[in-house]
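One structure is given here, and the rest of the page talks about it.
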Amino acid sequence: MEVNILGIESSCDDTSAAVVSGGVLLSNVIASQAVHSAYGGVVPELASRAHQQNIIPVVDQALKQAGLTANDISAVAFTRGPGLLGSLIVGCSFAKGFALAGGIPMIEVNHLQGHVLSQFVHEKDKPKEDPQFPFLTLLVSGGHTQIIKVKDYFDMEIIGTTIDDAAGEAFDKCAKVMGLGYPGGPVIDKHAHQGNHEAFHFAKPNIPGLDFSFSGLKTSFLYTLRDRMKEEPDFIDTHLDDLCASLQYTIVSILIEKLAKAVRETGIRQITIGGGVAANSELRDTLSETAKRRGWKVFIPERKFTTDNAAMIAGAGYYKYLKGEFAAMDLAPDARLKF
Ligand code: KG4
Ligand code: ZN
């Protein structure tokens with residue numbers, strides 16, 4: 001029988017289930033939680049409740065779309081962490097119940113490794129090239145901003161990380177002060193298309209090594225709004241597109257400059273991106289242009305594999321299954337899981 005892995009992702013505010021069969025993705029169902037938009041960010045308690053409601057229908061749909069039943073699943077892979085504890089508990093408990101009921105093994109996946117390994121998710125009838133080890137991954141999401149040196153499927157080293165906010169948080173917090181709702185990244189991305197990125201200048205951090213910082217940019221953005229609104233109360237509405245374009249340009253420049261430094265220091269010229277912010281159109285375009293100019297080889301995943309999804313968890317689970325790496329049934333989720 002083919003190896004069929006059911007993947008479960010519930011680390012933040014997306015409940016997702018996917019099936020990978022013999023390394024090929026058969027289904028990837030994602031239920032996003034609209035409940036947080038009114039609060040300008042993810043409310044952990046509401047996230048766990050929504051996961052609790054969504055998990056069974058989402059798994060059901062993933063199995064149906066894959067044309068399989070629970071009895072066909074060889075192992076269940078789940079996100080153990082890092083993430084919100086209450087959210088992780090839902091996915092982990094579901095995986096335990098599913099594994100026990102079916103008498104099948106359970107596989108733990110680190111959420112960040114899942115994002116990195118989303119590069120290796122193959123879809124039926126869509127041939128694509130895999131990156132070669134070693135490569136660098138720029139992982140940019142609402143919770144993480146890291147440059148990871150990937151030596152093998154599960155041999156990764158974080159060589160740069162944020163010392164304060166994540167890149168996605170910078171998008172979300174600035175969107176919140178402009179009254180744009182949550183998540184802010186996609187809305188800023190949309191407005192930025194019509195704006196002039198040179199209209200405003202925001203502070204870029206001067207952080208040594210390969211680390212990032214976004215809290216200074218957030219403050220600089222806030223002060224610009226505060227000062228300009230004193231003279232022009234409608235400042236945000238009147239200049240929304242330019243504000244978004246300038247902010248996005250600054251965030252993308254910070255990311256690309258550090259990535260270029262990482263390439264210089266490691267000599268590794270193969271680059272992948274992952275995490276929700278990797279869906280940003282300017283980041284994708286700038287990375288492709290920079291790669292062409294500098295002779296890097298970049299792998300830019302489809303947007304559906306950059307934000308949180310269970311395809312990456314099922315895919316990572318598949319490689320662990322082949323290595324026989326199974327989790328103990330008493331394993332607990334870990335909100336601060338490291339690798
Ligand atoms: O990976 P993800 O779905 O969840 C986390 O693990 O955090 O990332 C969510 C983040 C949010 O901060 C959201 O604003 C950002 O990704 N994001 C974007 C875009 N789409 C999502 N940021 C900028 N441009 C986008 N198009
Ligand atoms: Zn994520």
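The values are calculated or read from the model by the stated rules, or taken from the named source; none is laboratory data. Please read all numbers here as calculations on a predicted model, not as lab measurements. Cβ atoms come from the backbone with ideal geometry, glycine included; neighbour counts cover every protein chain shown. What goes into the accessible areas is simple: the full protein's heavy atoms, side chains included, and nothing from ligands, DNA or RNA. Shrake-Rupley method; radii C 1.70, N 1.55, O 1.52, S 1.80 Å.
Once you keep just the Cα pairs under 8 angstrom separated by 6 or more residues, what percentage relative contact order results for the chain?
Normalised by residue count, the contact order of the chain is 25 percent.
Going down the table (124/190; 149/323; 128/304), which pairs top 26 Å between alpha carbons?
Over 26 Å Cα-Cα: 124/190.
Just to be sure I understand: of the beta bridges DSSP finds with both ends in the chain, what percent are antiparallel, rounded to 5?
Of all bridge pairs located within the chain, approximately 60 percent are antiparallel.
Only bridges with both residues in segment 135-300 count here: give the DSSP antiparallel percent, nearest 5.
Percentage antiparallel, nearest 5: 60.
Kirkwood hydrodynamic radius (Cα pairs, Å) of the chain?
20.5
Could you work out how far helix 311-323 tilts from the main Cα principal axis of the chain, as a 0 to 90 degree angle to the nearest 10?
That helix lies at roughly 50 degrees to the long axis.
Heavy atoms of the protein only, probe of 1.4 Å, neighbouring chains included. What is the accessible area of residue 226 in Å², nearest 10?
The value for residue 226 is about 130 Å².
Between residue 335 and residue 302, what's the calculated FRET efficiency when r is the beta-carbon distance and R0 is 25 Å? Round to 0.05.
0.30
Per 0.36 nm of contour for each residue apart, how much would the distance between residue 72 and residue 158 grow if the chain were fully extended, relative to their Cα-Cα spacing?
27.3 nm
Among rounded, prolate and oblate, which fits segment 43-154 when a ≥ b ≥ c are the square roots of the eigenvalues of its C-alpha gyration tensor, a/c under 1.5 means rounded, and a/b larger than b/c means prolate?
oblate
Using a/c under 1.5 as the rounded threshold, could you call segment 135-300 rounded, prolate or oblate? The axes a ≥ b ≥ c are square roots of the C-alpha gyration tensor eigenvalues, and prolate needs a/b larger than b/c, oblate otherwise.
Prolate.
Before anything else, pin down the relative contact order of segment 135-300: Cα pairs under 8 Å, at least 6 apart, normalised by residue count, whole percent.
In percent, rounded to a whole number, it is 28.
Can you pull the percent of the chain's accessible area that's carbon plus sulfur, 1.4 Å probe, other chains left in place?
51
Starting at the first residue of segment 91-108, write each ³J(HN,Hα) from the Karplus equation 6.51 cos²θ - 1.76 cosθ + 1.60 with θ = phi - 60°, in whole Hz, x for Gly and Pro.
With coefficients 6.51, -1.76 and 1.60, one gets x, 5, 5, 4, 4, 4, x, 5, 5, 4, 4, x, x, 10, x, 10, 10, 8 Hz.
Can you list the residues of segment 1-28 with backbone N under 18 Å from a point 7 Å past the Cα of residue 35, pointing along Cα to Cβ?
Under cut-off, by backbone N: 9-17.
Give me the angle, in degrees from 0 to 90, between the Cα long axis of helix 281-294 and the longest principal axis of the Cα atoms of the chain, rounded to the nearest 10.
Result, in degrees: 90.
Connecting C-alpha atoms closer than 10 Å in a GNM of the chain, tell me which of 187, 150, 76 has the biggest fluctuation.
Comparing 187, 150, 76 in the GNM, the peak value goes to 187.
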